[in-house]
Protein chains: 2
Amino acid sequence: MAANARNFGRLAMNQATVPRWTAPQAIDGCARAGYRAVGLWRDRVQECGISVAARVARNAQMTISSLCRGGWFCAPDAAARLARLEDNKRAIEEAAELSAATLVLVCGPAASKDLGAGRSEVHDAIANLTEKARECGVTLGIEPMHPLYCADRSVVVTLAQALDMARSVDWSGEVVGLVLDSYHLWWDPSLDVGITEAAQRILAVQLADWLAPLPDALNGRGMLGDGSIDLRRFRELTESAGYSGAIEVEIFNPDVWALDPIETLEVVAQRYAAHVE
Amino acid sequence: MAANARNFGRLAMNQATVPRWTAPQAIDGCARAGYRAVGLWRDRVQECGISVAARVARNAQMTISSLCRGGWFCAPDAAARLARLEDNKRAIEEAAELSAATLVLVCGPAASKDLGAGRSEVHDAIANLTEKARECGVTLGIEPMHPLYCADRSVVVTLAQALDMARSVDWSGEVVGLVLDSYHLWWDPSLDVGITEAAQRILAVQLADWLAPLPDALNGRGMLGDGSIDLRRFRELTESAGYSGAIEVEIFNPDVWALDPIETLEVVAQRYAAHVE
């Protein structure tokens, strides 16, 4: 295909940036625009069926750079926690069927005000999943999230904490690693040393910019270059640590979602060239 | 005065929680309600004049538990940085005239995307101010702020980072310390060890709860008990570290501001008794 003459290399698109597209549309649309990898979301993949999404990706020679999202482990009682573990095992199977590079884990929120208890539950749940993940050939990506989300998304809020947890549940480093998103991590005074230490544990890298003041707690992420983050430096840090995989752009923002997805893919590629590469 | 029979002990009010009152009204209103200390803001004190506020506080036997805010050190050029240093020296003099327990420093934001440079500027500015503060008998309180504010308020975003900076600029611990606010710090996996290490450096403690999802980036702080923070544990941690001073309630929230300030003082005292004491 003529359009396929373009190849954006490591630049990848997360489906959440172009939610007007179904999963097959996102895979094909990104491929046609010159992207070589796309991050998918479970709910959107389930709309079309896993096998359909997997076939569309194979036909388009597209890599699935991540599958969002496992996790949400904490619950007030054992039965609910068990149900969530079972759901995560299904997510691992889905990631395997899609040959996704990693299953992204949302590590929380806690079931009470006791963050320590929530963190223990997350730790134990991931430890419980490692055997299944190893059997399926799937890696589990702990995503440290911005402390902004400590109450309603993730009790894992720093890179150092995520790395400690990954090492504790899987010393080999073969199954459990990290997902590094600029939006979640950019503020951390220990970012440089954290990324260096993460090294081979880095399973995925995602980018969004930080807008100030934050327009919305959930859907206020910025287009590359519109915000406060030195995104080029963030990419360089991950590269210096040895990461050479896909770099997904994941932007939750109604202004971005209002664009035609084809235009979004163009804007992202231009901004990536100007602010990241 | 009959109303003065009540004494809320360490519970203190920050003026920002009752912005409908002038500084003299806040000092007198809090005293009448049973508070023994109040945190003031420079702009509101300047409205009535420093000497007036100081006299009203003396007459009401009220302690000024903090003066907000110095800081805002970073600037794109040396002349602007110097002007900000001069303004901070005036703030130190104002804090001295008010016999304020500490001058709260907002440590940022950076003048560019280079957070490391911003952090160096903050460090050097505080170092520059220590002599003046010592002469005036004023302590400088570095306030680590929630990473939410890294772009537009403070490049100091963790307790560990703030403590490192305080130690670096003032090894004696006599002049530079920390202001610990539950809203800014509650998410930190290193909170317990951080507060323990802060120990005698803790100059002020402030409380607000965390609402999720955050209703507003700047003015979305929660009334005590309305949110996700274990506030009692936060207080206990500071006490275990040796802090026995005022505990200010500082809530930026239009729903709170809509109340009659006298009602706010009552609600805060009730919530403090139920969720903090």
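The values are calculated or read from the model by the stated rules, or taken from the named source; none is laboratory data. Note that the structure is a prediction, hence the values are computed from the model and not measured. Cβ sites come from the backbone with ideal geometry, for glycine too, and all protein chains shown count toward neighbours. These accessible areas exclude ligands, DNA and RNA; they are computed on the full protein's heavy atoms, side chains included. Shrake-Rupley method; radii C 1.70, N 1.55, O 1.52, S 1.80 Å.
Entry remark, segment B:195-210: residues being buried (at least 21 other Cβ atoms within 10 Å of the Cβ) and either of a type in the set (Gly, Ala, Ser) or over 18 Å from the mean Cα position of the chain (by Cα) (or both) number 3 in total. Yes or no: B:Thr22 among the β-branched types (Val, Ile, Thr) and surrounded by fewer than 19 Cβ atoms within 10 Å (Cβ to Cβ)? In short, yes.
The set of residues from segment B:31-59 being within 23 Å of B:Asp255 (Cα to Cα), surrounded by fewer than 24 Cβ atoms within 10 Å (Cβ to Cβ) and under 18 Å from the mean Cα position of the chain (by Cα) comprises B:Trp41, B:Asp43, B:Arg44. Taken over segment A:1-19, the residue count meeting the criterion of being open to solvent by 10 Å² or more (accessible area, probe 1.4 Å) and either within 22 Å of A:Leu259 (Cα to Cα) or at pLDDT below 95 (or both) is 11.
Residue check: is B:Cys150 within 11 Å of another protein chain (Cβ to nearest Cβ) and either open to solvent by less than 20 Å² (accessible area, probe 1.4 Å) or more than 19 Å from A:Ser182 (Cα to Cα) (or both)? Working first, answer last.
Details: within 11 Å of another protein chain (Cβ to nearest Cβ): yes; either open to solvent by less than 20 Å² (accessible area, probe 1.4 Å) or more than 19 Å from A:Ser182 (Cα to Cα) (or both): yes.
Yes: the conditions hold for B:Cys150.
Exactly one residue out of B:Val155, B:Val205 is more than 18 Å from B:Ala91 (Cα to Cα) and within 13 Å of chain A (Cβ to nearest Cβ): that is B:Val155.
Going through (1) surrounded by 19 or more Cβ atoms within 10 Å (Cβ to Cβ); (2) touching a residue at least 40 places away in the same chain (Cβ under 8 Å) one by one, A:Met62 falls short only on (2). Every test in (1) buried (at least 24 other Cβ atoms within 10 Å of the Cβ); (2) assigned to a helix (DSSP H, G or I); (3) within 13 Å of chain A (Cβ to nearest Cβ) is passed by B:Leu163 save one, and that test is (1). Go through the residues of segment B:214-232 one by one and say whether even a single one is more than 22 Å from B:Gly173 (Cα to Cα), touching a residue at least 40 places away in the same chain (Cβ under 8 Å), within 18 Å of the chain's Cα centre (by Cα) and part of a helix (DSSP H, G or I). Looking through segment B:214-232, at least one residue is more than 22 Å from B:Gly173 (Cα to Cα), touching a residue at least 40 places away in the same chain (Cβ under 8 Å), within 18 Å of the chain's Cα centre (by Cα) and part of a helix (DSSP H, G or I). The set of residues in segment A:180-194 being within 14 Å of chain B (Cβ to nearest Cβ) and within 16 Å of the chain's Cα centre (by Cα) consists of A:Asp181, A:Ser182, A:Tyr183, A:His184, A:Leu185, A:Trp186.
Can you tell me which residue among B:Gly222, B:Gly245, B:Gly177 is open to solvent by 20 Å² or more (accessible area, probe 1.4 Å), more than 23 Å from A:Ala160 (Cα to Cα) and either charged (D, E, K, R) or more than 8 Å from chain A (Cβ to nearest Cβ) (or both)?
Among B:Gly222, B:Gly245, B:Gly177, only B:Gly245 is open to solvent by 20 Å² or more (accessible area, probe 1.4 Å), more than 23 Å from A:Ala160 (Cα to Cα) and either charged (D, E, K, R) or more than 8 Å from chain A (Cβ to nearest Cβ) (or both).
Is it true that B:Val106 is farther than 19 Å from B:Arg167 by Cβ and under 15 Å from the mean Cα position of the chain (by Cα)? The answer is yes for B:Val106. Going residue by residue through segment B:112-128, is there one that turns out to be more than 14 Å from chain A (Cβ to nearest Cβ), open to solvent by 10 Å² or more (accessible area, probe 1.4 Å), of a type outside the set (A, V, I, L, M) and within 27 Å of B:Ala37 (Cα to Cα)? No, because not a single residue in segment B:112-128 is more than 14 Å from chain A (Cβ to nearest Cβ), open to solvent by 10 Å² or more (accessible area, probe 1.4 Å), of a type outside the set (A, V, I, L, M) and within 27 Å of B:Ala37 (Cα to Cα).
Contact map, segment B:67-90: first residue more than 14 Å from B:Val104 (Cα to Cα), second residue basic (Lys, Arg) and part of a helix (DSSP H, G or I), Cβ cut-off under 9 Å, separation 6 or more or different chains; pairs are B:Cys74/B:Arg81; B:Cys74/B:Arg84; B:Ala75/B:Arg81; B:Ala75/B:Arg84. Annotation for segment A:81-102: no member residue is surrounded by fewer than 24 Cβ atoms within 10 Å (Cβ to Cβ), hydrophobic (A, V, I, L, M, F, W, C) and touching an Asp or Glu at 6+ places or on another chain (Cβ under 6 Å). Would you say A:Thr238 is closer than 26 Å to B:Ser120 by Cα, in a helix (DSSP H, G or I) and more than 10 Å from chain B (Cβ to nearest Cβ)? So A:Thr238 passes the test.
For (1) closer than 23 Å to A:Leu237 by Cβ; (2) among the aliphatic types (A, V, I, L, M), each residue gets a yes or a no:
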{"position": "A:Ser120", "(1), (2)": "no, no"}
{"position": "A:Asp124", "(1), (2)": "no, no"}
{"position": "A:Ala133", "(1), (2)": "no, yes"}
{"position": "A:Cys136", "(1), (2)": "no, no"}
{"position": "A:Gly141", "(1), (2)": "yes, no"}
{"position": "A:Trp171", "(1), (2)": "no, no"}
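Taking segment B:13-52 as the range and being farther than 11 Å from B:Leu265 by Cβ and of a type in the set (Gly, Ala, Ser) as the test, the residues that pass are B:Ala16, B:Ala23, B:Ala37, B:Gly39, B:Gly49, B:Ser51.
Within segment B:255-267, the set of residues being part of a helix (DSSP H, G or I) and either open to solvent by 20 Å² or more (accessible area, probe 1.4 Å) or modelled with pLDDT under 95 (or both) comprises B:Asp255, B:Trp257, B:Ile262, B:Glu263, B:Glu266, B:Val267. Of the set (1) open to solvent by 30 Å² or more (accessible area, probe 1.4 Å); (2) within 14 Å of chain A (Cβ to nearest Cβ); (3) free of Cβ contacts under 8 Å to residues at least 60 places away in the same chain, all apply to B:Phe252 but (3). Restricting attention to segment A:65-80 and to residues that are over 18 Å from the mean Cα position of the chain (by Cα) and open to solvent by 10 Å² or more (accessible area, probe 1.4 Å), the residue that is nearest to A:Val156 (Cα to Cα) turns out to be A:Pro76.
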